[in-house]
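Notes to accompany the following structure.
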Amino acid sequence: MASKRGALIVLEGVDKAGKTTQCKRLVQALQQSGRPAEVMRFPDRTTTIGQLISSYLEKKSDLEDHTVHLLFSANRWELVPTMKKKLEQGITLVVDRYAFSGVAFTSAKPGFCLDWCMKPDVGLPKPDLVMFLKLSPADAALRGQFGEERYETSAFQKVVQQRFDELMKDTSVNWQVIDASQNIDGVHNNIMDHSLNAINTAQNLPLGELWK
Ligand code: NYM
């Protein structure tokens with residue numbers, strides 16, 4: 001009998017919601033409970049494509065808006081063989097941002113619609129669970145200043161939040177909204193509950209294709 005596959009779990013949210021902290025906490029907790037798990041993040045800045053993206057985000061280079069959108073998508077596609085291999089080996093992947101960030105951030109720019117932005121990511125491995133860490137702009141402001149990278153302004157993040165709200169209407173994706181204004185342990189406990197459910201369900205199901 002083939003071994004049971006791992007689950008593909010994604011954390012999304014606007015900047016400052018605590019995604020990176022929670023991804024690490026979740027992977028640690030899963031590993032400690034004897035479930036193989038690894039963290040991944042997008043953009044993956046270590047690849048050649050990832051370095052182009054990183055330099056753009058750090059404002060060291062300029063890229064045309066459609067072009068950078070396609071690079072973000074290409075950065076996901078180049079990791080797909082690795083992701084599939086790990087999932088087949090029974091490893092649960094906890095992913096810090098995915099195609100939903102891709103669509104929400106580009107479509108927050110003038111002249112871009114959700115539909116065009118979704119197209120390059122159609123057919124990516126479909127997450128078994130997407131948790132959206134929800135934080136009001138007021139709570140985000142309490143967590144300090146934004147950094148220096150592109151997109152890190154409260155005006156832009158407000159539009160990004162609206163685009164995420166549109167994406168969350170899609171019931172073909174297993175969205176769960178998490179109240180990220182709770183303390184770190186409270187958020188972690190919620191995330192752990194949803195993840196254990198997703199891991200149990202996913203092991204008996206084939207991996208799906210996103211937005212197909
Ligand atoms: N971002 C992230 C995009 O614009 N498109 C994408 O496809 C992805 C995955 O990059 N502001 C944006 C969101 C963030 C920035 O993220 C880098 P991080 O998690 O700070 O490295």
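Amide H contacts for Val177 (H built 1.01 Å from N in the peptide plane; partners 5 or more residues away or on another chain; cut-off under 5 Å): Phe132. Comparing His188, Gln89, Ala141 along the charge dipole axis of segment 89-198, the residue lying farthest to the positive side is Ala141, per the Cβ-charge model.
Summed over qualifying helices (DSSP H, 4 residues or more, each -39500 (n - 2.57)) and divided by its residue number, the chain shows a 222 nm mean residue ellipticity of -14000 deg cm²/dmol.
Coupling constants for segment 77-92 follow from the phi torsions by the Karplus curve (6.51 cos²θ - 1.76 cosθ + 1.60, θ = phi - 60°), and in residue order they are 4, 5, 8, 4, x, 5, 4, 5, 4, 5, 4, 5, 6, x, 8, 7 Hz; glycine and proline get x.
The distance separating the Cα centre of segment 136-212 from that of segment 30-96 comes to 17 Å. Computed on the chain, with alpha-carbon pairs under 8 angstrom and 6+ residues apart, the relative contact order is 34 percent.
Across segment 193-205, coupling constants 3J(HN,Hα) worked out from phi with the 6.51/-1.76/1.60 Karplus curve, θ = phi - 60°, read 4, 4, 5, 4, 4, 5, 5, 5, 6, 5, 5, 9, 10 Hz, and Gly and Pro carry x.
Scanning residues 5 or more positions from Gly208 or on other chains, those with amide H under 5 Å from its amide H are Lys126, with H placed 1.01 Å from N in the peptide plane. With Cα atoms as the point set, segment 110-172 shows a radius of gyration and Dmax of 14.1, 38 Å.
Number of Lys-Lys pairs in segment 57-163 with C-alpha atoms under 19 Å apart and a separation of 8 or more places or on different chains: 7.
Within segment 117-161, the GluC sites (Glu not before Pro) that combine a DSSP coil assignment with at most 12 other C-beta atoms in a 10 angstrom radius are Glu148, Glu149. Computed over neighbours whose Cβ is under 14 Å from that of Thr21, the net charge equals +4, Lys and Arg +1, Asp and Glu -1.
Summing charges over all other residues whose Cβ lies under 13 Å from the Cβ of Glu148, with Lys and Arg as +1 and Asp and Glu as -1, gives -1.
Coordinate-derived values only; no laboratory data. What you are looking at is a predicted structure, and each value in this text was computed from that prediction instead of being measured. Using ideal geometry, Cβ is built from the backbone for each residue, glycine included, and neighbour counts are taken over all protein chains shown.
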